[in-house]
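Have a look at the structure below, then the notes.
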Amino acid sequence: MNILVTGGAGYIGSHTCVELLNACYDIVVVDNFDNSCMKAVDTIKRITGKDFPFYEVDLLDRENLEKVFIENKIDAVIHFAGLKAVGESTQIPLRYYHNNITGTLILMELMEKYDVNNIVFSSSATVYGMPKSVPITEDFPLSTTNPYGSTKLMLEQIMTDAAKANDKLSVTLLRYFNPIGAHKSGEMGEDPQGIPNNLLPYVAQVAVGKLEKVHVFGNDYPTPDGTGVRDYIHVVDLAIGHLKAIEVRANEPGVHIYNLGTGNGYSVLDIIKSFEKACGKEIPYVIDPRRPGDIAECWANPAKAKRELGWEATRGIEEMCEDSWRWQSTHPNGYNS
Ligand code: NAD
Ligand code: UFG
């Protein structure tokens, strides 16, 4: 099976490419390097010892994206490409809507033209907005609190409508919780540009000495230690979830929706403690006010993915922190180290 991976040079995409190649799928990768670089593509090839076609193409560039479909017989698409920074999306919403929505529309129009009927889409737990309780199941009400989240919810709707109109189309919406960790080799990991927005890369950069201290956003939430609780999932477990989705659902028309999380919640202070253990250093932190828009707790009920896909996360919080540290300590400046 030949799989087109959009955004395959990015954090989750690159780890998924490695798992796909290891499982003997053929892949074709497209990325415009908006938030990644060629070194990530070279690393996928080095880790797996396998080659594949790579196209530096923007999904908004219909003509060049079409060449990918003309030059390769594609059987399925795993669609990671998109802009993902929540805060930035409130400052430049039109760019987020144009990139994420128009890019996906062009991709899906070409899929239709070239009779490609399987798509697995990177959605997010952000589509649950402010969940009324935890753990979250797939049938919870959906809402969003920022333009980034709205692009995910709109794309879920667009893909659902497309599946209703085309009885051959299979759409799998994977709602990720909080991916962290890195490849075991220490050669591949998350490489955020500038100051990280997310907790784990921030903690890792404090540990390596690039940032002074962690700012804990609020310790007055109704959680065991007062700090925010999330469902952190190892990026390799997440990557394997995509293989399962392709294996089980690719040839079943309709819309399939799964939470990809572990079902466990960890607080900000739990994460700092686990990272201290992994790196063998104390991680300084201060308590700051809450970050606007944050919720107290968010974790998945992942039972549907286990039942229907035969998938469950197997890597625990220690392994997530150890693998992040191996990558961060050997690559303090990411792929440019
Ligand atoms: P990432 O930024 O590392 O990867 C996204 C990749 O897409 C980048 O390599 C970027 O260059 C590329 N890209 C963006 N716009 C493009 C375009 N128009 N044409 C071609 N390439 C384009 O992000 P990630 O963490 O790997 O996330 C992958 C997907 O998963 C995204 O859709 C993201 O919204 C979603 N997601 C991520 C998280 C998370 O916490 N990392 C959580 C939930 C969902
Ligand atoms: N946090 C801090 N300090 C920081 C960064 C984060 O205390 O410097 C706290 C947050 O307040 C929150 C927790 O750490 O309690 C996790 O925050 P992240 O920013 O790492 O992750 P979020 O849960 O806020 O959001 C992430 C992605 C979203 C995605 C969501 C669910 O950024 O796009 O996970 O998948 F929708």
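Name the pairs: first residue in region 275-292 and within 11 Å of Lys213 (Cβ to Cβ) and at pLDDT 95 or above, second residue outside any loop (DSSP other than H, G, I, E, B) and aromatic (Phe, Trp, Tyr), Cβ to Cβ under 8 Å, at least 6 apart or on different chains?
Ile283/Phe275; Asp288/Phe217
Go through (1) within 16 Å of Cys321 (Cβ to Cβ); (2) touching a helix residue (DSSP H, G or I) at 6+ places or on another chain (Cβ under 8 Å); (3) not aromatic (Phe, Trp, Tyr) one by one and return the number of the condition Asp191 breaks.
Failing condition for Asp191: (1).
In region 36-141, which helices (runs of 4 or more DSSP H) lie fully inside it and hold 1 or more residues that are within 17 Å of Tyr11 (Cβ to Cβ)?
Of the helices (runs of 4 or more DSSP H) lying wholly inside region 36-141, those with at least 1 residues that are within 17 Å of Tyr11 (Cβ to Cβ) span 38-48, 86-91.
For region 123-143, name all the residues that are away from ligand 1 (no atom under 16 Å from the Cβ), farther than 17 Å from Asp294 by Cβ and in contact (Cβ under 8 Å) with a residue 60 or more places away in the chain.
The answer is Pro135, Thr137.
Right, Trp325: within 30 Å of Pro147 (Cβ to Cβ), modelled with pLDDT of 95 or more and surrounded by 14 or more Cβ atoms within 10 Å (Cβ to Cβ) or not?
no
Could you list, in sequence order, the residues of region 31-59 that are farther than 27 Å from Tyr96 by Cβ and among the aromatic types (Phe, Trp, Tyr)?
Phe52
Residue by residue through region 131-150, note down the ones that are within 12 Å of ligand 2 (Cβ to nearest atom) and either basic (Lys, Arg) or in contact with a strand residue (DSSP E or B) (Cβ under 8 Å, 6 or more places away or on another chain) (or both).
Within region 131-150, Pro131, Ile136, Gly149 meet the criteria.
Any residue at all in region 23-30 that is closer than 15 Å to Tyr335 by Cβ, of a type in the set (Asp, Glu) and either at pLDDT 95 or above or touching a helix residue (DSSP H, G or I) at 6+ places or on another chain (Cβ under 6 Å) (or both)?
No, region 23-30 contains no residue that is closer than 15 Å to Tyr335 by Cβ, of a type in the set (Asp, Glu) and either at pLDDT 95 or above or touching a helix residue (DSSP H, G or I) at 6+ places or on another chain (Cβ under 6 Å) (or both).
The values are calculated or read from the model by the stated rules, or taken from the named source; none is laboratory data. Given the structure is predicted, the values throughout are model-derived calculations rather than measurements. Every residue, glycine among them, receives a Cβ derived from its backbone with ideal geometry; neighbour counts consider all protein chains shown.
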